[in-house]
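See below for the structure under consideration.
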Amino acid sequence: MPINNRRVWAVATIAALSASVAFASPAYAAPNNNSVKKITKAVTLEGVMEHLEAFQDIADQYGDRAAGRPGYEASVDYVVAELEAAGYTPTVQAFEFDYFDENNELIRISPNPRVFADEDEFTRNTFDSGSPEGTATGALYPVDLVLNPAGPANSSNSGCEAADFAGMPAGSVALVQRGTCGFAVKVLNAQAAGASAVIVMNEGQPGRTGLINMIGDATGLTIPAVFATYATGVDLASTPNSTVRVTVSYDADVRTAWNVLAETSAGNDDNTVMAGAHLDSVQDGAGINDNGSGSAALLETAIQMSKTKPNNTVRFAWWGAEESGLLGSEHYVASLTDEEIGDIALYLNFDMIASPNYTFGIYDGDESDFTAPVVVPEGSAQIEDVFESFYDSVGEPYKGTEFSGRSDYGPFIAVGVPAGGLFTGAEAPKTAAEAAVWGGVPAAQLDPCYHEPCDNLTGEGHDDALYAALEEYYDLVGNINLWALDVNSDAVAAAIMTFAFDTSTVNGVSAPGKSHGKANVKSLEAMQNRFSS
């Protein structure tokens, strides 16, 4: 559909909706929602948006929906209540995880004030002996830095000798550089010389530019210490006479999070189709695109499928603590026996499916666009084919997106389960070529609010100029692109329904209990006919 027609469609679709996103309750499932055509009609934009509004209400009440916090528990309660109302008997699987609440700061106060982003441009140290908390403000003191480095690794010896700090005024914030000696040596030397805080920047050679953990035994360290990217270090060092503030402040304990699982009452348990989305947000954000969008579309699909009787059991999953490192899905997979893993025909993952400056991305299971950094299980390419067939059937362009294992499908592919899914983009900028296909603003992030508090339905905290430019192309509700959400909610439902009745292209199983041993028993053309039947 041409871009301008998308906008006309969206305006007509949402004309009756109020500015507060007060959507009507969705119609619950009919027994005959048993084909792709019927399920995509039943899964509506209004129904999916109702769930997103509920997630926003939870974040408004509790501050966010992050694992280990009250907003996540409320999100679990909401999903469970919706599933129970639809007739499911959901399982809530608890697991413990290491919880961290990071409130670290690296700020240049003057001149040219700048706040550097925690976990992006800098991170606190993780020394074996502990990470001392505290705040220090002082004049920046660069220590024998090698900028624009050339030569072998470890060419910098900044901070390795006590003499490196000769002349540093007491109370300064020392800026040292990775290389030659251990991190602990550098920070302890800085402390002994009278520094109030220390910043260790990366070295700057290929492979030594980003963030890494500062490790080692720094027993005796009492001042705050952080690690910065090479670019952050250069930015600091190239601003003469800077005053900076360094804060290390965090909470660390063991907390409980939960996975929510529900499955159809009918189907072959020996050939289970799984579909999942992570339910948690990052800290201090509503997590509406990441990943309220995937969670809401999956929930509405489950509701509308509740009375169908598929050939294969369909198990829906909402994962906890994905933002802490795929912890919920890892816990679930680790809890399975080999036999239970063997019963999973495939796994579908939906993480960020309504980015405001979107592209329609499909996990590249056949590696035709990207060479995957992980082993891609056999059958994953055929899952990609089904999503491609859906987009073809509705006239939408699509692209492959890297099969990286960075979302909750990672633990499944690690044990050989074929996987696939959808992704509309995060921090990567939209290219001019992509803007020519999908519209939007080139050079702007696909999701300008990725992992930020502005990932919400309200528009609070948005870059007004950027979002005004995006609205020249799209209809947005906060950080949600309505067109992308509507199309992808149908894609979610279509793929789940397709595999609920036939996984033969993936694993050779064409009917309950009957295996033909090879993928692609059924032709792609025959499967594609599902979208119009």
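Nothing in this text is a laboratory measurement; each read-out follows from the coordinates by a stated rule. Here the structure is a predicted model, which is why all the values come from computation and not from measurement. Positions of Cβ are backbone-derived with ideal geometry, glycine not excepted, and every protein chain shown enters the neighbour counts.
Overview of values
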{"read-out": "Fewest-first sequence of ASP253, ASP392, ASP270 by Cβ atoms within 10 Å of each Cβ", "value": "ASP253, ASP392, ASP270"}
{"read-out": "Spin-label pair VAL375/ASP101, simplified geometry with 7 Å Cα→Cβ offset, distance in nm", "value": "4.1"}
{"read-out": "Percentage relative contact order, the stretch 104-248, counting C-alpha pairs under 8 Å, at least six apart", "value": "36"}
{"read-out": "Helix-only [θ]222 nm of the chain, DSSP H runs n ≥ 4, -39500 (n - 2.57) each, per residue, nearest 500", "value": "-8500 deg cm²/dmol"}
{"read-out": "Estimated FRET transfer efficiency when R0 is 41 angstrom, pair VAL394-GLU427 (beta carbons, to 0.05)", "value": "0.90"}
{"read-out": "Extension gain, THR135 back to LYS41 (0.36 nm per residue minus Cα-Cα distance, nm)", "value": "28.2 nm"}
{"read-out": "Separation in nanometres of the label points that stand 7 Å from Cα toward Cβ, at ALA162 and LEU147", "value": "3.0"}
{"read-out": "Net lengthening on full extension, ARG406/THR209 (0.36 nm per residue, minus Cα-Cα)", "value": "68.8 nm"}
{"read-out": "Between the stretch 177-243 and the stretch 69-100, the alpha-carbon center distance in angstrom", "value": "41"}
{"read-out": "Stokes-Einstein diffusion coefficient of the chain, Kirkwood radius over Cα pairs, 37 °C, 0.692 mPa s, in µm²/s", "value": "133"}
{"read-out": "Semi-axis lengths, Å, the stretch 104-248, gyration tensor of Cα atoms, sqrt of 5 times eigenvalues", "value": "18, 18, 16"}
{"read-out": "Efficiency of FRET between SER335 and CYS181 - r from beta-carbon atoms, R0 35 angstrom, step 0.05", "value": "0.20"}
{"read-out": "Dipole magnitude of the chain, debye to nearest 20 (Cβ charges: Lys/Arg +1, Asp/Glu -1, about Cα centre)", "value": "700"}
{"read-out": "Listed residue pairs exceeding 29 Å between alpha carbons, taken from LYS41/LYS399; LYS307/LYS430; LYS41/LYS309; LYS186/LYS430", "value": "LYS307/LYS430; LYS186/LYS430"}
{"read-out": "With 10 Å bins from 0: P(r) over the stretch 57-163, alpha-carbon pairs, percent", "value": "10, 22, 27, 16, 14, 8, 3, 0"}
